[in-house]
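What follows is a short report on a single structure.
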Amino acid sequence: MQNKPQHISGTMTKGDHEEQNNDTNSNDNQTFPIPASLRQPKLSGYEFYEKVLGSPKYVVAPMVDASELAWRLLCRRHGAQLCYTPMYHSSCFVKDIKYRKEALQSCPEDRPLLFQFCGNDPNTILEAALLAQDHCDGIDINLGCPQAIAKRGHYGAFLQDEWDLLEKIVSTLHQHLSVPVTCKIRVFDDVDKTIRYAQMLERAGAQILTVHGRTREQKGPLTGIADWSIIKKVRESVKVPMFANGNICCINDVHRCIEQTGVDGVMSAEGNLQNPFIFAGVSPTVWDASLEYLDILDQYPAPVGYIRGHLFKIFHHLLLLKSNLKEREDMAHAHSNDEFRAVVNQLREKFLPYHEGEIPWCGESKNDDNDNENYVYDCNLKIPPWICQPYYRLPPEEHKQMMEEKVKLAESREKKQYFDKEGNVISRKHMKKLKRLERRAKVLTERHGEICEEDKCANTKGLKCEFSLCRQCCRNRCFENLVNCIGHKIFSTRCYDKGSIDEKTNEVDDKMEAE
């Protein structure tokens, strides 16, 4: 017997409820969100893959702080057939309503959608999944994250040796959810163990498996090449649909992976971040991709950190050019869509003549003044740096060799010493902390009397804040009272008349200028 799903109010209107009541068996995504209890019966395996997900082959991976709604919509416009949400921590999702409301941001066009959770407690993950199931087509469990934060939190790939616990987590969700459960995993060095691992998850109730062809240790500069041969053997050993992940840099890689491994679909993460048009087989200019993303953000806002991260990845090769150091600084300090758009347009104006052939592109001269021999100029690219393209890491062996050379060079240098005001020797880390504290003290001195009005808060208030609060206190108030702050650009309701918001923003700006 399934638990009754707990519904979280979202962007559904009164008309949406009426339409649902008229056709409770419809899975039409014109109404959103659709309570899982009102959809067609829960499907499994290939029925779920074909009838609910639409037999997707091109899949956008779950990426922390990266696969948010605006990015998903951009990718769907250009070939993506299935998207995952970012990874969300199940415990935070259950306890923190602000965290939950931001995570549940979606719209009718954002389907099919799988919602990914991490965690290590079956009941907590189930509680989070019950809150999310009305807003998606399935729940994915992250068993592949290899990062240090996953090790500290005891989730992701650091659960892959605890098969009893994983079997309980998957079976608990499979039994009590109204939508299917899926899993994303990494491989072991031992092929047979990887096969048994996948079969265990399949028996426990996983309806789709995504297999990343790297081990838990292959990450960062030691990432290396994903092993598609292991993915192929797992594909031959399980009966549920399967996606492959790893080594996907262009559309040809997608087709090769499907042909060589026999998987049903291919998931892209880093390749997708560098080129959101990857599944369309198109390599646009970096400014075309970025401006379209920024246009979507006008309707579906995202945190500034997400936006900056996306733009730095899209512009990665172009911002490595020495002539673009100013634009790189401007992008690093931008805090609004308009500011980001201004930087993108500056780069567009600078490089459009090269792109259109009006001026020949020969790369940057290595004979410029103040030349730095360690600076990367045009990365020796065959593709111009203003075209969306993948980023390739050094092979692990070369990285290790380079690090060994750096260590030897550092040992031969005279170690620089740092001192505090009393002349005591301190570490470089301590010195940076002291400078940071000095800057904060200077800001407090300059803005004395402009302190956040929240009790027991010593932060400075936002100059345009509706409530004379600092950003964090303002964010708390907005989500607690379901109000918006134009000054801080915090929209807790996610449903607003953009025209009235723009009008009110102009009023706030006029008031600030008058003062």
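The values are calculated or read from the model by the stated rules, or taken from the named source; none is laboratory data. Not measured: the values here are computed from a predicted model. Cβ atoms come from the backbone with ideal geometry, glycine included; neighbour counts cover every protein chain shown. Remember, those area values only see protein heavy atoms, side chains included, never the ligands or the DNA or RNA. Shrake-Rupley method; radii C 1.70, N 1.55, O 1.52, S 1.80 Å.
When nucleic acids and ligands are ignored and a 1.4 Å probe is applied, residue 412 ends up with an accessible area of around 90 Å². For the peptides 383-393, 206-216, residues were scored by their other Cβ atoms within 10 Å and the scores averaged per peptide; the highest-first order is 206-216, 383-393. To the nearest 10, the accessible area of residue 420 is 40 Å² with a 1.4 Å probe.
Each residue was assigned an accessible area with a 1.4 Å probe, and for residue 355 the value is about 80 Å². What separates the Cα centres of segment 187-257 and segment 304-370 is a distance of 36 Å.
A straight Cα-to-Cα reach below 16 Å connects residue 432 with the lysines 416, 421, 442, residues fewer than 8 places away in its own chain not being considered. With the simple model of a label 7 Å out from the Cα in the direction of the Cβ, residue 154 to residue 425 spans 4.2 nm.
Which is farthest toward the positive dipole end of segment 162-291 among 280, 218, 187, measuring Cα position about the Cα centre, with Cβ charges +1 (Lys, Arg) and -1 (Asp, Glu)? Positive-most Cα among the choices belongs to 187.
Using 0.36 nm per residue, how much length does the chain from residue 38 to residue 476 gain when fully extended, once their Cα-Cα distance is taken away?
Length difference between fully extended and current span is 154.3 nm.
Using a simple spin-label model with pseudo-atoms 7 Å out from Cα toward Cβ, residue 57 and residue 252 lie 1.7 nm apart.
Treating only the Cβ atoms of Lys and Arg (+1) and Asp and Glu (-1) as charged, compute the dipole magnitude of segment 216-270 about its Cα centre; round to the nearest 20 debye. Mind dumping the intermediate values first?
Details: 7 positive and 7 negative charges, 37 e Å.
Roughly 180 debye for segment 216-270.
Taking a point 7 Å from the Cα of residue 95 along the Cα-to-Cβ direction, the residues of segment 146-178 with backbone N closer than 14 Å to it are 153. Of interest is the spacing of the C-alpha centroids, which for segment 405-432 and segment 114-170 amounts to 43 Å. Taking 0.36 nm per residue of separation and subtracting the current Cα-Cα distance, fully stretching the chain between residue 403 and residue 383 would add 4.4 nm. Of the residues 286, 425, the one with the largest accessible area comes first in the ranking 425, 286, computed with a 1.4 Å probe on protein heavy atoms.
Trypsin sites (Lys or Arg not before Pro) within segment 138-174: which are DSSP loop residues with at most 12 other Cβ atoms inside 10 Å?
Taking segment 138-174 and a limit of 12 other Cβ atoms within 10 Å, no loop trypsin sites (Lys or Arg not before Pro) are found.
Residue ranking by accessible heavy-atom surface, 1.4 Å probe, largest first, among 107, 362, 92 comes out as 362, 92, 107. For residue 42, the lysines whose Cα falls under 24 Å of its own Cα, not counting residues fewer than eight places away in the same chain, are 4, 51, 57, 168, 184, 239. Of 409, 43, the order by accessible heavy-atom surface (1.4 Å probe, DNA, RNA and ligands excluded), from most exposed downward, is 409, 43.
How long is the gain from residue 346 to residue 410 if the chain were fully straight, where each residue apart is worth 0.36 nm and the alpha carbon distance is subtracted? 19.1 nm is the gain from fully extending residue 346 to residue 410.
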